[in-house]
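The values are calculated or read from the model by the stated rules, or taken from the named source; none is laboratory data. Treat the numbers as computed from the prediction; the structure is a model and nothing was measured. Note: ideal-geometry Cβ built from the backbone for every residue, glycine included; neighbour counts use all protein chains shown. The protein model used for the area step is the full one, side chains on, heavy atoms only, and it has no ligands, DNA or RNA in it. Shrake-Rupley method; radii C 1.70, N 1.55, O 1.52, S 1.80 Å.
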Amino acid sequence: MKVEGGRYFNGTVNTASMDPMRSIAGRVSLDDVMAELSRSRPVFHSEADLQHSFARVLWELAPDVRSRLEVPQRGPGRTEYLDLQCLGPEGSTAIEFKYFTRGWTGEAGTPVEEYALKAHGATDLARLHFARDIARLERFCRRPGQNGLALMVSNEAALWAPPGTGRRRTRDHDFRIHHGRELGGTLLWAEGTYEPNTCTLRGTYPLSWEGYSEQGGAGGEFRYLAVSVGGAAGGVGGAAGGVGGAAGGVGGAEGQRGFGVTGSGCGG
């Protein structure tokens, strides 16, 4: 079955051919979830709307995966909150979401809804916060059987398009997340003149934007960017392994397989 984003999903989850680094709790691939999600929700009102809709589709495709929103990750001297923790019988996945929009008004979805998206404007801060999400996942996903996914959905083409040749170097130059780039190492804000925004990533991540949905008018093209962290990812966390216990026995917001917070590679 073809979906609006240009991907195909036939309603059957094939775990044998699934990329473990793009899997959710070892049960379903991120791309299958996004393909199914785009059928009924090609647009979202807000980031919270995206999170809840994603968790709903994940449950439909993999009922044995338990989803927990806003899970505290306690570390030395501070507590951070994970957007979505997914707990399955074969592993666990931490997901951080970003929904960055330019202005767009229209109708979409099943059932049809009216949307009036605001223009967030500050693409430099969108890039900074996405890099921080990756760094947070590097801290959270350090145990066998864990992986992380940093996911951004956007209709702002400036995020996926490379900067023009001869363009003046911007303060977020190191943080650019356009299609085809590799993100990694120490990222300096304004060439290091504002140290609080310096972000260090342990891994190196190739960036590939995928089509999500096509709507009418300017700003009607939506894409998503997913970065896989932990498990077998290059330089980040050990190899993915089995995690004992059934998902049905996981209770509470933090569950039995919490993601520990260790160290910090990014301010904020």
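Laid out as a table, the results:
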item: Test set (1) in contact with a strand residue (DSSP E or B) (Cβ under 9 Å, 6 or more places away or on another chain); (2) farther than 30 Å from Gly103 by Cβ; (3) outside any loop (DSSP other than H, G, I, E, B) - Asp133 fails condition number; result: (2)
item: Verdict on Pro196 being within 17 Å of the chain's Cα centre (by Cα) and surrounded by fewer than 17 Cβ atoms within 10 Å (Cβ to Cβ); result: no
item: Conditions (1) closer than 23 Å to Leu30 by Cβ; (2) part of a strand (DSSP E or B); (3) open to solvent by 50 Å² or more (accessible area, probe 1.4 Å): number failed by Arg143; result: (2)
item: Cβ pairs under 7 Å, 6+ apart, first in region 158-186 and in a loop (DSSP other than H, G, I, E, B), second exposed (fewer than 15 other Cβ atoms within 10 Å of the Cβ) and of a type in the set (A, V, I, L, M, F, W, C); result: His178/Ala161
item: Residues of region 29-57 satisfying the condition of being within 13 Å of the chain's Cα centre (by Cα) and acidic (Asp, Glu); result: Asp31, Glu47
item: Condition met for Val65 (over 24 Å from Pro206 (Cα atoms), more than 17 Å from the chain's Cα centre (by Cα) and among the β-branched types (Val, Ile, Thr)); result: yes
item: Qualifying residue in region 97-119 (condition: open to solvent by less than 20 Å² (accessible area, probe 1.4 Å) and in a helix (DSSP H, G or I)); result: no
